[in-house]
Amino acid sequence: MTDDDLFLDGALPAPLRQDRIVAIVEGAPGLVRTAALAAALGTSEVTVRQDLATLDLEARIRRVHGGAVRLVAGSGERPLEETAVEHQVAKAAIGRSAAALVRSGECVVLDVGTTPAAVASALVARTDLVDVTVVTNSLTTALALEPAVPRFTVIVTGGTLRPLQHSLVAPFNNTVVPMIAADVAFLGGTGVDVEHGLTNVNLPETETKRMLAATARRTVVVADGSKFGRAHIGVVRALEDVDVVVTAEAPADLVDAVRAAGVEVVVADER
């Protein structure tokens, strides 16, 4: 029996089905939607999402919200300026919902990344907040918080500069962080997955994220829907150690899976 016969019988094995997905995505000029792949393969969208998660993890395609695109060489980690223009509405909604969790007088830790930066902007916009201390390892976020001084006290962790993300990482970033007892840490990442939790594509930043999370009584993950169902090399935090996930534009089935794991999920764009 040929591969085509198996396809017509609806019994195409997962490796062959995934090869077909890669061929379709690589032959497309842009985004290939999950529904289109399901129709082309004669299978369910749930199965396609599982295949896309596997292929993304294997770096054969890039999974994005709604489908997949070709994997561009060297695209494992992209500059902050490039990702900042993606999912802007979702990130702004996440920022507002996350900022609503903060009260005056608290100490807040903000991770590096475009979504934590959206939290910073939303915190600045909350003119009711006073006596808030914000600790960050992001130079971009620190500058975004500057308009709130002196209502806010902004502390930069120190460390070695990574120009790609304008972040501060090891060495020399472990002097300030262990001296902090924060109320809440807002963490970003490149993947949110039930099995692996919050993950990140870059190991030096992963290590710093783990240090920042350890300072706080509560951990809040801020991630748009394109991060759901994805896992990368650096494990930041298991879901069992996360208190809240704030998201937007996230697939309902993947949100339900995170909730089923016992984590509170706030879907910002449903509010």
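Would you work out what percent of the accessible area of the range 130-204, with all protein chains in place, is carbon or sulfur (probe 1.4 Å)?
Working: 2130 of 3270 Å².
Reported share for carbon and sulfur atoms: 65 percent.
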Nearest 10 degrees is fine. How inclined is helix 45-57 to the longest principal axis of the chain, computing both from alpha carbons?
60 degrees
Of (1) 18.6, 58; (2) 19.8, 73; (3) 21.2, 66, which is the value of Rg and Dmax of the Cα atoms in Å derived from the coordinates here?
(2)
Could you state the number of Å between the C-alpha centres of the range 79-102 and the range 12-27?
33 Å
Which one of A214, V69, T136 has its Cα pushed farthest toward the positive end of the charge dipole of the chain, where Lys and Arg give +1 and Asp and Glu give -1 at the Cβ?
T136
Env charge @ V25, Cβ radius under 9 Å, K,R +1 / D,E -1, value +2
So R33 and Q50, fully extended at 0.36 nm per residue minus their Cα-Cα distance, gain in nm 4.7 nm
Distant-in-sequence amide H partners of V154 (H built 1.01 Å from N, under 5 Å):
V134
Give me the dipole magnitude in Debye, nearest 20, for the chain about the Cα centre, with unit charges on the beta carbon: positive for Lys and Arg, negative for Asp and Glu.
680 debye
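What 222 nm value per residue comes from the helices of the chain, counting each DSSP H run with n ≥ 4 as -39,500 (n - 2.57) and dividing by all residues, nearest 500 deg cm²/dmol?
On the way: 10 runs with 96 residues, N = 271.
Computed mean residue ellipticity for the chain: -10000 deg cm²/dmol.
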Students often check this: by mean Cβ neighbours within 10 Å, which of 133-140, 146-153 ranks highest, and how do the rest follow?
133-140, 146-153
Taking amide H positions as placed in the peptide plane 1.01 Å from N, state which residues far from H232 in sequence (5 or more) or on other chains have amide H under 5 Å from it.
T199, N200
As a test of reading the structure, rank L16, L129 by solvent-accessible area (1.4 Å probe, protein chains only), most first.
L16, L129
Can you tell me the orientation of helix 114-125 relative to the chain, as the angle in degrees between its alpha-carbon axis and the longest Cα principal axis, to the nearest 10?
40 degrees
Treating the angle as unsigned and between 0 and 90°, give the value, to the nearest 10°, between the Cα long axis of helix 203-214 and the longest Cα principal axis of the chain.
50 degrees
Label points 7 Å out from Cα along the Cβ direction at E270 and L143: separation in nm?
3.7 nm
For E195, what accessible surface area do you get with a 1.4 Å probe? Give it in Å², rounded to 10.
150 Å²
If you roll a 1.4 Å probe over the heavy atoms of the protein chains, what accessible area per residue do you get for the range 127-271, in Å²?
43 Å²
FRET efficiency, I24 to Q88 (Cβ-Cβ, R0 30 Å, nearest 0.05)
0.60
Counting sequence-distant residues (5 or more places) and residues on other chains, those with an amide H built under 5 Å from that of V184 are C107, V109, R217, R218
How much accessible surface area, in Å² rounded to 10, belongs to the heavy atoms of E86 with a 1.4 Å probe?
50 Å²
With viscosity set to 0.890 mPa s at 25 °C, what whole-number translational diffusion coefficient in µm²/s follows for the range 182-240 from Stokes-Einstein and a Kirkwood radius over Cα pairs?
221 µm²/s
Expressed in nanometres to one decimal, the distance between label points 7 Å along Cα→Cβ at A260 and E240 is 1.8 nm
On a 1.4 Å probe surface of the protein chains, which of T54, T157 comes out largest in accessible area, and what is the full order?
T54, T157
Furthest towards positive pole of dipole, V22, V176, L239, structure part the chain, Cβ charges:
V176
Could you check the simple spin-label distance between R218 and E58, using points 7 Å along Cα→Cβ, in nm with one decimal?
4.1 nm
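The values are calculated or read from the model by the stated rules, or taken from the named source; none is laboratory data. Bear in mind the structure is a predicted one, so any value in this text is a computation, not a measurement. Cβ sites come from the backbone with ideal geometry, for glycine too, and all protein chains shown count toward neighbours. Ligands, DNA and RNA are excluded from the accessible area calculation, which covers all protein heavy atoms including side chains. Shrake-Rupley method; radii C 1.70, N 1.55, O 1.52, S 1.80 Å.
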